[in-house]
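The values are calculated or read from the model by the stated rules, or taken from the named source; none is laboratory data. Just so it is clear, the structure is predicted and the values come from calculations on it, not from any experiment. Cβ placement follows ideal geometry from the backbone for every residue including glycine, while neighbour counts extend to all protein chains displayed.
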Ligand code: BG6
């Protein structure tokens with residue numbers, strides 16, 4: 001392959017996943033229950049084809065084989081998460097030795113295969129007992145999270161050097177407290193704001209704990225899903241709408257995580273609508289000290305917005321959508337299976353924004369990918385010909401490459417995801433992997449994109 005797009009030396013090629021989505025063994029190895037186990041037991045009908053989290057992709061038992069496959073396709077890094085309810089059943093108290101042993105084996109196996117483990121502490125999976133205490137609405141749960149984080153740094157920090165406090169912390173806010181796609185299915189703006197605020201306090205306290213423990217060569221970051229907000233037009237009303245969307249969905253986490261404080265404009269909007277969270281004296285300093293070393297960027301889709309067509313119903317629950325309408329741009333390119341627009345240049349716009357407004361913080365693409373339904377129809381000679389995925393990755397990489405050439409500080413690209421995994425309410429509807437997983441037999445098989453990425457990572461470009 002001749003290389004036109006060469007990436008900087010040491011570029012991180014790999015993928016990301018999360019504990020609940022691949023491990024399985026949800027009721028084994030001493031694991032406690034999390035909100036997904038519970039919600040599924042109550043409302044299996046909410047999950048595609050009623051497939052729940054009990055066995056998912058069976059990584060708990062097949063991790064060795066999976067790590068071999070990662071190595072075969074050229075991974076030099078891999079992001080996983082630790083399941084809080086596996087490590088500390090109930091969320092507080094004694095560590096589960098079987099879980100320590102499992103994560104030790106996974107981490108050691110990755111390192112033995114020259115794959116650097118990137119470890120995330122929280123990927124949507126609150127231990128059930130702590131949710132029953134109020135979840136992120138409770139300040140005591142924040143404290144429990146910090147103890148859990150310290151435990152992880154202490155147990156695995158001798159080998160794991162890249163740590164992340166949260167994956168997409170805004171998603172549980174949206175899903176669990178605004179738009180009804182995560183447990184506890186609350187719809188309440190004020191509670192949503194409290195959850196978001198406590199998440200950032202938990203993040204900042206974990207960063208502080210990390211620095212106190214002082215892991216040699218360690219870096220701590222957060223993974224944010226950034227959705228650039230594009231206005232329908234340059235009309236001031238559309239620009240204002242786009243700014244609101246940006247404040248609610250991007251800067252609500254990006255600013256405190258990277259700059260150590262909330263945007264004043266966001267505070268003012270929430271104040272005006274009586275939605276400010278309960279805070280404690282000293283919180284501002286905690287946030288200031290919680291600035292990250294490294295930022296993971298998940299990018300799937302842009303957000304297109306326009307000024308509202310109608311005034312919101314004043315009796316409806318407070319929503320970010322009171323300030324803008326989503327805009328369906330004619331001619332937009334869609335991934336129709338997931339209902340997400342594909343706009344490759346978004347990755348460049350995010351990176352340039354980080355360069356210009358966020359001190360060019362060290363970053364990487366921590367998730368990007370394309371979920372497609374019924375990939376079996378693309379099987380030829382026994383292999384899924386996922387050319388659409390190759391195109392998707394290649395076109396995003398070209399824009400990332402351009403951003404790097406223009407001086408942005410991006411260090412790697414991780415696909416969502418390594419092998420097909422359980423996508424929450426969508427279960428196994430849309431498949432994202434380089435490697436397919438047969439949901440019944442758990443058999444793994446390379447897709448065409450697996451061979452392609454192998455070559456790309458070996459050549460450090462394409
Ligand atoms: C990200 C999450 O939002 O996107 C993953 O970090 C998720 O957990 C992925 O699986 C793909 O989205 P979905 O909803 O299709 O699973």
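Points to keep in mind about this one:
- Residue identified as at pLDDT below 95, over 20 Å from residue 168 (Cβ atoms) and over 22 Å from the mean Cα position of the chain (by Cα) among 314, 231: 314
- The set of residues from segment 50-81 being buried (at least 22 other Cβ atoms within 10 Å of the Cβ), assigned to a loop (DSSP other than H, G, I, E, B) and touching a strand residue (DSSP E or B) at 6+ places or on another chain (Cβ under 6 Å) comprises 57, 75.
- For segment 195-221, a tally of residues being within 15 Å of residue 256 (Cα to Cα) and either part of a helix (DSSP H, G or I) or without any contact (Cβ under 8 Å) to a residue 24 or more places away in the chain (or both) returns 14.
- Number of residues in segment 27-49 that are within 29 Å of residue 105 (Cβ to Cβ) and in a loop (DSSP other than H, G, I, E, B) equals 7.
- Among (1) more than 21 Å from residue 226 (Cβ to Cβ); (2) touching a strand residue (DSSP E or B) at 6+ places or on another chain (Cβ under 9 Å), the one test that residue 304 misses: (1)
- Residues that are in contact with a helix residue (DSSP H, G or I) (Cβ under 7 Å, 6 or more places away or on another chain), more than 18 Å from residue 450 (Cα to Cα) and more than 13 Å from the ligand (Cβ to nearest atom), drawn from segment 4-22: 5, 7, 8
- Test set (1) within 16 Å of the ligand (Cβ to nearest atom); (2) surrounded by 19 or more Cβ atoms within 10 Å (Cβ to Cβ) - residue 195 fails condition number: (1)
- Condition check for residue 370: surrounded by fewer than 17 Cβ atoms within 10 Å (Cβ to Cβ), touching a helix residue (DSSP H, G or I) at 6+ places or on another chain (Cβ under 7 Å) and modelled with pLDDT of 95 or more: no
- All positions within segment 174-183 that are surrounded by fewer than 24 Cβ atoms within 10 Å (Cβ to Cβ) and either part of a helix (DSSP H, G or I) or out of contact with any helix residue (DSSP H, G or I) (no Cβ under 6 Å at 6 or more places or on another chain) (or both): 174, 175, 179, 180
- Restricting attention to segment 326-349, the residues being closer than 13 Å to residue 229 by Cα, within 16 Å of the ligand (Cβ to nearest atom) and either part of a strand (DSSP E or B) or touching a helix residue (DSSP H, G or I) at 6+ places or on another chain (Cβ under 7 Å) (or both) number 2.
- So residue 401, is it within 16 Å of the ligand (Cβ to nearest atom) and more than 18 Å from residue 222 (Cα to Cα): no
- The lone exception for residue 297 - which of (1) within 15 Å of the ligand (Cβ to nearest atom); (2) closer than 16 Å to residue 245 by Cβ; (3) in contact with a helix residue (DSSP H, G or I) (Cβ under 7 Å, 6 or more places away or on another chain) it fails: (2)
- All positions within segment 142-164 that are assigned to a helix (DSSP H, G or I), within 19 Å of the chain's Cα centre (by Cα) and surrounded by fewer than 21 Cβ atoms within 10 Å (Cβ to Cβ): none
- Some residue of segment 165-184 being over 19 Å from residue 18 (Cα atoms) and over 19 Å from the mean Cα position of the chain (by Cα): yes
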